[in-house]
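To keep things clear, I will list the structure first and then write my remarks on it.
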Amino acid sequence: MDMGIEFIDKQGTFCLKNAERSSYLYFPLANEQGMKSCVTPLLGGDAKGDQNSFLLQPVSSEELHNNRSTRNFWCRFSDGRVWSATGVSAAQEAERFSGQEEKTELLAGMMWHKITRTAEKLGIRSEVMSYVPYDAGKLEVMMVTLENIGTEEYAITPIAAVPLYARSADNIRDHRHVTSLLHRIRVREEGVFVTPTLTFDERGHQENKMTYGAAGYAQDGSMPQQFYPTVEMFLGEGGTYLAPEAVYRQTEGRKPQEEAAGYPDELCGCEAMGAFAFDRCTLGAGEKRTYVVLLGMASSEEELRNEMKEYGLPGRAQAKLEDTRRYWRKQNNVLYTTGNDSFDQWMYWVDFQPMLRRIYGCSFLPHHDYGKGGKGWRDLWQDCLALLVMNPETVRPMLVDNFAGVRYDGSNATIIGEKQGEFIADRNHITRVWMDHGVWPFLTTELYIRQTGDLSLLREQVPFFKDAQSFRGERYDENWEQNRGNWLLTKHGDRYEASILEHLLVQHLTSFYDVGEHGQIRLRGADWNDAIDMAKERGESVAFTAAYAGNFTGLAELLAVYQRKTGQTECALSEELFMLLPDDTAVYEDAEKKRALLYRFFEATACCVSGVKKNIPIERLEQKLRAMAEWMKRHIREQEWIGTPEGMHWYNGYYDNHGRRVEGMKWTQGQRKTQGKAPVRMMLTSQVFTIMSGTATDAQVREIVRAADRYLYDEKTGGYRLNTNFHEVKLDMGRMFGFAYGHKENGAVFCHMAVMYANALYQRGFVQEGYRVIRSLFGQCMNFSVSRIYPGIPEYFNAKGRGMYHYLTGAASWLMLTVLSEIFGVKGAYGDLMIAPKLVAEQFDAAGCARVNCGFAGKNIEVRYCNSKRKEYGAYEIREALINGVKTVGADCETVDAAQTDSLGKSIIIPKERLTETVNVIEVCLG
Ligand code: G1P
């Protein structure tokens, strides 16, 4: 393994030498008040509050090496020499490949980033610590320390220089110049502040409410002496950010203006520059001096200045840094200790990623240069998975609110508002329906109920979403009026509310009948793979038909538990929903009839429902769901199991827009003459959900693993690819086939699906196979010279093995969940704690120990495994378990596996009442 990244403590802090020698690196700095920054090793990157308020110019990944408009900090020596403490000057850049380049070292932890740069020749070292205070508004702090590492005393003039973009991201190529005319700039004693008069963006022309600024303080609290508040003033004619005239020629700057004074004419309508020079300072040998540079935005100049002022007080910026570190460490409350420290530290970052996605959404890091900060439906639910583990108290209301986004045709609102539970009507006449969307809410809800035992959630009454879209995006309800609210109404005009169970049933039953000509659920706009988006008419997703089938089984099981634990025997559902629960199951066999039934249901519920509810015995409902699940699974088994002449077998997961099976072996046009063998077309997603849902038999799982190892596994790029090379721009499937092979949704190692593959394998007891997936992903992430990413899991690895779209990915939530609940086997059993380890021998340390700390049922727990002989998974059993030092025996300790008659087996359940301490230590002896 490459030692590029070195962990230096147990809190994920890592070190990387000469990080600027890797391209595309960026590091997130943010807070929960919505400050979203990112920094590169040269202090590039950007900073923003939202799409319409970018403090620094927005950057996409290519701008990371293109732009020089960074957070610079210049030093002008009294003898005229010039040096950039952040390494961004023409001279330093020219040295990059000379072998004479300055040495740098990056040290970073959650929400802080420190670069140390040593210029031996000049006898100076800089340390630039960047962070976003956890409890501030939208503020970024840069603490720059200069140290004389030579033997002679010298004098330098420090000059901070950060261009302030101060407007909407839209204006980067839409009236960039005109929007600078809106700028009104003021120089205050501590910095430069810009308050545009208006904003020009997609919302139209509006009065602006935001002030942006940069301020500076020396360590004794003294403030800058000269200011260069516009780009023109700082760069001078012909200057650039690598060679600004103000620095090189020592041009005269401005002085701060009177407090009351308005906006000086000559500063109006200019590109703003947060540039200012501090008093010249003398540094003796070994002496250091620190400057604090603050970048921020707020709804008024006064508010921003007040907030910044605090950080100018001596020692305050440092104290806030410590608070910020402490805060984020506390948030990251799932800690692993295995035989591989690097794995544990890597997981520390993976656990952190869902928090980042909560703040950034799916936008606002350089690779994520799309979207406007919102989240998709799928991501909304999956991000709850991680929250459930880390911060379960907040999840219940979130689940309840999110269900209000479900439409009565089983589709859902796709425009998600700022506030929790706020969904916005889709005004497009043609809307997109993702057929997988119904799958995720159940998975999250089920996990929640298993963790907490809170079955009453299923009874919670929630409205249904209503806008003009009906018939799963096929029709437009002209009669719908926005002013009646985004809720489904009854025919009497009342808001219709129903249980969460009914919401889940609506999502699943509508899908069951929404089938294509092969009897599999229609693909519609796409499934999980957003880029399978060109098979709307005839496409079918077998992969997600299997996922739904798994959910039907899960729902049936949940209902059985519900009845057993609550004693309730009936539940009330809308009378219309009974249409989708017919007694005559002959309809299952006939795709045409299924569709006809579904459209009758749509007709009956498109504008409103009757509001009449009828009871159904839970047992009957459960049986019906099981029958549907079995029908779907059987249908897939009979129809979709495919193979190659080499004797490989797996499941076909799709039908294209010509109604043709997608996977298998297929000649590409014109290929037959030139090549001996037809290329194999295999997709990972199809395997993941047939395995996870229990559609694939155990024997088939073995076959699938063999085929995946043969066709999809690629060690150089991190393991299991999303698909083989189809050698075709398959326009009857989706834009993914337009992407070069090995990139993103076309055959990259796409971490989210790879992790779900691991999860499915673990769930089915294929532990070594699952571990292989996780180990290869981990190996690739930490193989820095190839992956070139900081610790954590990226969205995917490209064809060369580079990690792409780092940080903001659903892969993190799933990985965290897989490691905790499958590998460590710590999970809920309807509120009680289940322990069922699936660690392999090499995951234990030399003494045979492995440990996890996390929360459960409002308490902290530490589960310690001891496998002193380091036996392999399968060879060990749970021999003994102690809870807080007391051996658990008898009634307190039941095994889950019916085959086990005593407490010594694969799993144990600990009643939550046994977790009496603040930190509960559970020692589990394996032997
Ligand atoms: C992204 C999207 C996710 C989608 C996936 C595949 O994955 O966020 O919703 O299913 O692409 O198209 P992520 O970056 O979350 O791993």
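Data for the structure
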item	result
Phe97/Asn479 FRET efficiency (R0 41 Å; Cβ-Cβ; nearest 0.05)	0.05
The chain, dipole about Cα centre (Lys/Arg Cβ +1, Asp/Glu Cβ -1), debye to the nearest 20	1520
Dipole magnitude (debye, nearest 20) for the stretch 267-387, charges at Cβ of Lys, Arg, Asp, Glu	180
For the stretch 9-94, alpha-carbon Rg over 2.2 N^0.38 Å	1.25
Angle between the chain longest axis and helix 618-640 axis [Cα atoms, degrees, rounded to 10]	80
Signed unit charges on C-beta, dipole axis of the stretch 288-421, positive-most listed residue Ser411, Tyr291, Val389	Tyr291
Principal-axis tilt of helix 500-513 within the chain, Cα atoms, nearest 10 degrees	70
Probe 1.4 Å, protein heavy atoms only - accessible area per residue of the chain in square angstrom	37
Whole-percent carbon and sulfur share, accessible surface of the stretch 402-521, 1.4 Å	45
P(r) of the chain over all Cα-Cα pairs, binned every 20 Å from zero, in whole percent	13, 41, 34, 11, 0
Qualifying aspartates and glutamates (Cα of each under 12 Å from Cα of Lys36; at least 8 residues distant if same chain)	Asp46, Asp50, Glu140
The stretch 369-412 and the stretch 794-810: distance between their alpha carbon centers, rounded to Å	23
All aspartates and glutamates inside 18 Å of Lys730 as judged from Cα atoms, apart from same-chain residues fewer than 8 positions distant	Asp527, Asp530, Asp533, Glu537, Glu540, Asp656, Glu663, Glu745
Tilt relative to the chain, helix 698-711 - C-alpha long axis, 0 to 90 degrees, to 10	40
Neighbourhood net charge (13 Å Cβ-Cβ; Lys/Arg +1, Asp/Glu -1) for Gln353	-2
Pairs of Cα atoms farther than 18 Å apart, the stretch 605-761, %	65
The stretch 197-296, accessible surface, carbon-and-sulfur percent (1.4 angstrom probe)	47
Mean Cβ neighbour count within 10 Å, used as a protection proxy, ranking 875-885, 379-389 highest first	379-389, 875-885
Structure-based [θ]222 nm, the chain - -39500 (n - 2.57) summed over DSSP H runs of at least 4, per residue, nearest 500	-8500 deg cm²/dmol
Computed magnitude of the charge dipole of the stretch 420-548 (debye, nearest 20; Cβ of K, R +1, Cβ of D, E -1)	140
Whole-number Å³ per residue for the convex hull built on Cα positions in the stretch 81-195	181
Principal semi-axes in Å for the stretch 405-504 [√(5λ), Cα gyration tensor, largest first]	25, 16, 12
Listed residue (Val88, Gly453, Pro58) projecting farthest to the positive dipole end of the chain, Cβ model	Gly453
Rounded, prolate or oblate (a/c below 1.5 giving rounded, otherwise prolate when a/b exceeds b/c) for the stretch 754-834 by Cα gyration tensor	prolate
Within straight-line cross-link reach of Lys309, lysines at Cα separation under 18 Å, skipping those fewer than 8 residues along the same chain	Lys138, Lys320
Charge dipole of the chain about the Cα centre (unit charges at C-beta), most positive-ward option of Gly718, His205, Ala531	Gly718
Links that overshoot a 30 Å alpha carbon limit, given the list Lys677/Lys800; Lys536/Lys613; Lys372/Lys536; Lys633/Lys912; Lys744/Lys859; Lys10/Lys827	Lys536/Lys613; Lys633/Lys912; Lys744/Lys859
Of all accessible heavy-atom area on the stretch 730-834, the percent that carbon and sulfur account for (1.4 Å)	50
Protection-proxy order for peptides 63-74, 491-502, each taking the mean of Cβ atoms within 10 Å per residue, highest first	63-74, 491-502
Peptide ranges 356-368, 172-184 listed from the most packed, as the mean C-beta count within 10 angstrom indicates	356-368, 172-184
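The values are calculated or read from the model by the stated rules, or taken from the named source; none is laboratory data. Because the structure is predicted, anything quoted here is derived from the model rather than measured. No Cβ is skipped: glycine too gets one built from the backbone with ideal geometry, and neighbour counts run over all protein chains shown. In case anyone asks, the SASA skips ligands and DNA or RNA and just uses the protein heavy atoms, side chains included. Shrake-Rupley method; radii C 1.70, N 1.55, O 1.52, S 1.80 Å.
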